[in-house]
Each structure stands twice: as structure tokens, then as C-alpha cells.
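Asks: To start, I am sharing the structure in question, which I have written as C-alpha cells.
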Amino acid sequence: MKAYTVEIVIENKPAARDPEGETIHRDLILKGGYVNVKAVRTGKYLRMTIEASSPWEAERLAFEMCNSLRIYNPVAHVYRIKVLE
């Protein structure tokens, strides 16, 4: 078995409000003067090391973990998985 690094990015769905992103956006404009920033969306970033027989198996295991352990909220979030070589 080989160890694979797997990245999981969890984001709010486009229609979901993002109060944290809205606060960061407001602060960038009001406190930082960055008026060219038009929107900010926040999320979560997970990096895992998974032992698996192949990159596809590592991705499958990460998918299984995300769904069975509810690492994300399927009503409010979307996620994507990427296996780094």
C-alpha cells in the first residue's frame, strides 16, 4: 500500500448565505480599502494522508468518509476531492 495525500475542499452552496465571507468582504473594503474585491466565500480545507492500493481507492475512501461521517452538511455545502500525486 502507498500513502496518498488527499485534499478535500468544502464550500457553501452558491445559494447559501455565507456570513463569515460577508464579514471578511466588508472588512476588506471598509478597513483595508480593497474596493476591487467583489465577493468572498469561505469554506473548509482538509488534507489527509490515506493509505490505499491506488489513487482511485484513496479517493473512494475519502468520499466514503465525507458521506458516512457527515464531515460536511449536504443541505448547505458542496465538496470536491482531489488526490495529489
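Asks: Taking +1 at the Cβ of each Lys and Arg and -1 at the Cβ of each Asp and Glu, which of THR42, VAL83, SER54 sits farthest along the dipole of the chain towards its positive end, judged by Cα position relative to the Cα centre?
Replies: THR42
Asks: Here's another thing I want to ask about it. Normalising by the residue count of the chain, find the relative contact order in percent from Cα pairs under 8 Å and 6+ residues apart.
Replies: Here the relative contact order equals 50 percent.
Asks: Between LYS38 and PHE63, what is the spin-label point distance in nm, taking each point 7 Å from the Cα along the Cα→C-beta axis?
Replies: Result: 3.4 nm between the two label points.
Asks: Separate question: Using all C-alpha to C-alpha distances in the chain, build P(r) with 10 Å bins and read off the rounded percent in each one.
Replies: All Cα pairs considered, the percentages come to 17, 36, 25, 17, 5, 0.
Asks: I would also like to ask the following. As a footprinting exposure proxy, order GLU22, GLU51 by other Cβ within 10 Å, with the fewest listed first.
Replies: GLU51, GLU22
Asks: Kindly count the pairs of lysines across region 2-84 whose alpha carbons are less than 18 Å apart, treating pairs on different chains or eight or more residues apart as eligible.
Replies: 4
Just so you know, all these numbers are worked out from the coordinates, no wet-lab data involved. Nothing here was measured: the structure is a model prediction, and the numbers come from that model. A quick note on method: Cβ atoms are made from the backbone with ideal geometry, for glycine too, and the neighbour counts reach across all protein chains shown.
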